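Below is one structure, written out as structure tokens; the observations come after it.
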Amino acid sequence: MHKGVFLLPNALTTGALFAGFYSIISGINGYYAAAAVAVVIAGVLDGLDGRVARLTNTQSEFGVQYDSLSDLISFGLAPALLAFNWSLASMRDISPLAGKLGWLAAFLFVACAALRLARFNTQASSADKSYFQGLASPAAAGTLVATIWFFTDQGITGESVRWIIWFETVVLGLLMFSRIRYFSGKSWPRGDRIPTGILFLVVLVFVLLAVDPPTVMMAVGIIYVGSGLVMTALGRQAWKNRRAGRNPKKASPDHPEKLKK
């Protein structure tokens with residue numbers, strides 16, 4: 001057997017890991033906007049490494065495990081520490097109990113990211129590629145850091161929105177380990193061509209990002225998080241309707257029946 005690993009996808013994974021580690025260092029030193037941007041860059045590199053591996057047929061078990069470990073740092077630990085250093089640490093000024101709730105929310109985010117990645121690895125061979133079971137950790141991390149980036153860009157301090165950040169950190173963490181379905185995009189596009197309207201939307205997103213990156217990214221993250229809730233609710237309602245259609249209709253008490261002889 002040939003020993004070694006594929007260079008290109010694992011190099012992209014290393015870049016994502018570096019960006020996540022840089023985010024941690026920047027957050028500790030008080031450069032919160034740079035820390036948020038670093039997590040966003042890690043998300044872009046993480047999206048590229050898997051797609052490049054599939055396009056070049058360089059997928060490997062080593063790459064899968066390395067990518068998961070990188071994701072835990074970049075999309076679990078880095079955003080949780082950023083949220084804690086920027087806002088949640090100030091909750092100890094309210095009371096000792098509130099201070100504990102602050103760092104416990106950050107821990108919950110990291111733990112749920114780890115649990116989701118472990119579940120994803122065990123179900124990777126049998127899961128539907130079109131959907132994620134639970135919110136993907138890059139999406140959860142991107143939504144959290146985009147919110148922090150938006151507030152810092154508006155000149156809002158972490159102390160003034162600490163309960164908002166606490167609530168968002170807890171909810172995003174729980175959504176990662178939930179069974180709510182989210183569109184993955186891994187099986188799209190199915191062919192070599194896409195509708196022209198999709199290309200126009202891509203151009204529009206780039207234009208909006210150039211105008212106001214933190215606001216647009218936060219809005220996109222909130223919309224994506226909400227899309228999974230709507231998709232799951234509609235799916236359950238459709239399932240209930242199909243189940244009700246399969247059950248035989250009970251005779252109404254007012255319906256005339258034949259008299260028994």
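Just so it is clear, none of the values below were taken in a lab; they were calculated from the coordinates. None of the values given here were measured: they were computed from a predicted structure. Quick reminder, even Gly has a Cβ in these numbers, built from the backbone with ideal geometry, and neighbours come from all protein chains shown.
So what is the relative contact order for the range 72-126, in percent, with contacts set as C-alpha pairs under 8 Å and at least six apart?
Details: 36 pairs, mean separation 22.0, N = 55.
Over the range 72-126, the number comes to 40 percent.
Which order, highest average first, do 15-28, 54-67, 99-112 follow once you tally other Cβ atoms within 10 Å for each residue and take the mean per peptide? Show your work: numbers first, answer last.
Numbers: 15-28: 21.1, 54-67: 13.4, 99-112: 19.1.
The packing order, highest mean first, is 15-28, 99-112, 54-67.
In sequence order, what are the phi-derived ³J(HN,Hα) couplings for the range 209-226 according to the Karplus relation 6.51 cos²θ - 1.76 cosθ + 1.60 with θ = phi - 60°, rounded to whole Hz, with x for glycine and proline?
5, 5, 6, 8, x, x, 5, 5, 5, 5, 5, 4, x, 5, 5, 5, 4, x
So if I restrict to the alpha-carbon atoms in the range 1-56, what is the Rg, and what is Dmax, the biggest pairwise distance, in Å?
Cα only, the range 1-56: 13.7, 48 Å (Rg, Dmax).
Which order do peptides 36-43, 195-202 fall in by mean Cβ count within 10 Å, highest first?
Working: 36-43: 25.0, 195-202: 9.9.
With the highest mean Cβ count within 10 Å placed first, the list reads 36-43, 195-202.
Relative contact order for the chain using alpha-carbon pairs under 8 Å, separation at least 6, rounded to a whole percent?
Numbers: 309 pairs, mean separation 49.6, N = 261.
For the chain, the relative contact order is 19 percent.
With Rg/Rh (Cα atoms, Kirkwood Rh) as the read-out, I listed [x] 1.11; [y] 0.94; [z] 0.98; which label goes with the value calculated from this structure?
[x]
Quick check: net charge around residue 102, other residues with Cβ under 14 Å of its Cβ, Lys/Arg +1 and Asp/Glu -1? Show your work: numbers first, answer last.
Details: positive: 92, 100, 162; negative: 93, 159, 168.
Taking every Cβ under 14 Å from that of residue 102, the sum is 0.
In angstroms, what radius of gyration and Dmax does the range 82-179 have, counting Cα atoms only?
When restricted to the Cα atoms of the range 82-179, Rg and Dmax are 14.9, 48 Å.
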